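A quick write-up on the structure given underneath.
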Amino acid sequence: MTTMNTRTTQQWQAADAAHFLHPFTDFQALAKKGSRIITRADNIYLTDSDGHRILDAMSGLWCVNVGYGQQALIDAATRQMTQLPFYNAFFQTATPPAIELAELLAEVSPPGFSRVFYSGSGSEGNDTIVRMVRRYWDVLGQPQRSVILSRHNAYHGSTMAGASLGGMSGMHAQGGLPIPGIQHIEQPYWFEHGGSMSREEFGRVAAGWLEQKILAVGPDKVAAFIGEPVQGAGGVIVPPETYWPEIQRICDQYGVLLVSDEVICGFGRTGHWFGCQRFGARPDLITFAKGVTSGYIPLGGVMVGDRVAQVLIEQGGEFEHGYTYSGHPVACAVAIANIRLIQQLGLVQQVHDDTGPYLAALYQKLADHPLVVETQTCGLMAALQLGRRDGRGTGTRGQRFDEALSVGMVCRGHCFANGLIMRAVGDRMIIAPPLVITRAQIDEMAVLIRRCLDLTLEDCHRNRWL
Ligand code: PXG
């Protein structure tokens, strides 16, 4: 047990600053300010060390799909810890939870996916993707086919391979990334790159950038294309409907493997089990993590479609890759309980038929707010693009604020102060609440969002940013 209730917030912050280097954090700046300490959670609400209740509209970090405090997951972990807390899957062994979860994943995955390779996280899953895709072409006698294409502003993790596949320029600037053999095309971000095109027209153009890149690299050198169905960390960038079908056509035409990174979009987030099903893509490989256990315990992996599985199984010999925690029995037991709970509660259908459309309707109303120049939703993920709509710029869709003003961060500050976790990606305010959120809770969230937009608008006026 930690000494959770025996220290004050200041004491926690001091110990945190002295010893804990946080991910994606300016260590010195945080040490000066002090971390927010979260001590407990239930359903969609967090409690901090000062007793404040916060509506968690980010599901932890895009992962707590079934909400906090689900006893079925807690019981599954306890039972498995008691019976067999760990055994590995190397050296021709397996454990029942790892086998049973593999079966269940095959059941909920799109047709043609009957096998899984486990990792401990989404980043590791994408490391597996790089190894597996290159191995596939090696086995087929085409080792030169090793280039993997991805997109700017994609997020695929933070390991060397994950960060290289990702298209975050800030990450590439640290540590000599990307690693060789990974190239990027522009993202399907209509607000940024759409010019005067309609969304549909732009979707086809943006997909065409993949074809241009394949031709520039040489079709005989391109192994795979990887993409998130909806870019999550990049700002909930929902592609035009025309985008994924055209990407699929291009991958088919050149024989390029299609990888769908479903670490965020998987397990119901888009109102489908996997985001590729929402957008009509038929990937060869699927990366997953986060929602597979609703974040209660780390687990990730790759669903391997028949095209790749057949080659690796029948012709591949030993695949020299794996992790200590590939198929961790406790993580797998929690994942089984989590997926069964998603099924029992009908959460995927609920997002598809009820809460997703309800959120979309509320976001359409938020589009009237003077600070909002674009809204997008997809299932239970949504974005509000903040900007100027005063016609001072030249674009047709409103103008960005000067980046240096950090209007998104100002809005995020108001959210924290008003008991709401909403993230800012630049000036794009994003949410991805737990899939158990009810209509009444969506209403509650929308009231908070509007209040925080109003407060941000006041700041903009006061500072003459508008
Ligand atoms: N792929 C995608 C699509 C992700 O969103 C990963 C891979 C990596 O997963 P792991 O489990 O290794 O973190 C992710 C993770 C953010 C944020 O700021 C998003 C993620 C992680 C941390 C922060 O939105 N996504």
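What to note about this one:
- Ranked packing of 262-269, 459-466, 66-73, 340-347, most packed first, by mean Cβ within 10 Å: 262-269, 66-73, 340-347, 459-466
- Prolate/oblate/rounded call for the chain, Cα gyration tensor, a/c under 1.5 rounded: oblate
- Placing a pseudo-label 7 Å from each Cα along the Cα-to-Cβ vector at F20 and L345 gives an inter-label distance of 2.6 nm.
- Cα-based shape type of segment 127-240, given that a ≥ b ≥ c are square roots of the gyration tensor eigenvalues and the cut on a/c is 1.5: oblate
- Fully extending the segment from E318 to T8, taken as 0.36 nm per residue of separation minus the present Cα-Cα distance, adds 106.3 nm.
- Percentage, to the nearest whole number, of Cα pairs in segment 71-345 over 29 Å apart: 30
- Footprinting exposure proxy for T9, T287 (fewest neighbouring C-beta atoms within 10 Å first): T9, T287
- Zone of F86's modelled label, taken as backbone nitrogen in segment 320-347 under 16 Å from a point 7 Å along Cα→Cβ: 323-333
- In summary, the helical segments of the chain meeting the span-like criteria, namely a full DSSP H run, a Cα extent along the axis of 20 angstrom or more and a mean Kyte-Doolittle hydropathy of at least 1.0, are 329-345.
- E192-D353 FRET efficiency (beta carbon distance; Förster radius 41 Å; 0.05 resolution): 0.80
- Computed on segment 71-345, with alpha-carbon pairs under 8 angstrom and 6+ residues apart, the relative contact order is 29 percent.
- Cα centroid of segment 123-187 to Cα centroid of segment 325-349, whole Å: 28
- Here the simple spin-label model places points 7 Å from the Cα toward Cβ, and for R389 and I179 these points are separated by 4.6 nm.
- Förster radius 45 Å - calculated FRET efficiency between A94 and E458 (Cβ-Cβ, nearest 0.05): 0.15
- DSSP-loop GluC sites (Glu not before Pro) across segment 301-394, with at most 13 other Cβ within 10 angstrom: E318, E320
- Gyration tensor (alpha-carbon) shape descriptor, segment 176-325, a/c threshold 1.5: oblate
Bear in mind that the values in this text are calculations on the coordinates, not laboratory data. Because the structure is a prediction, the values reported are computed rather than measured. Methodologically, a virtual Cβ is constructed for each residue, glycine included, from the backbone with ideal geometry; neighbour enumeration extends over all protein chains shown.
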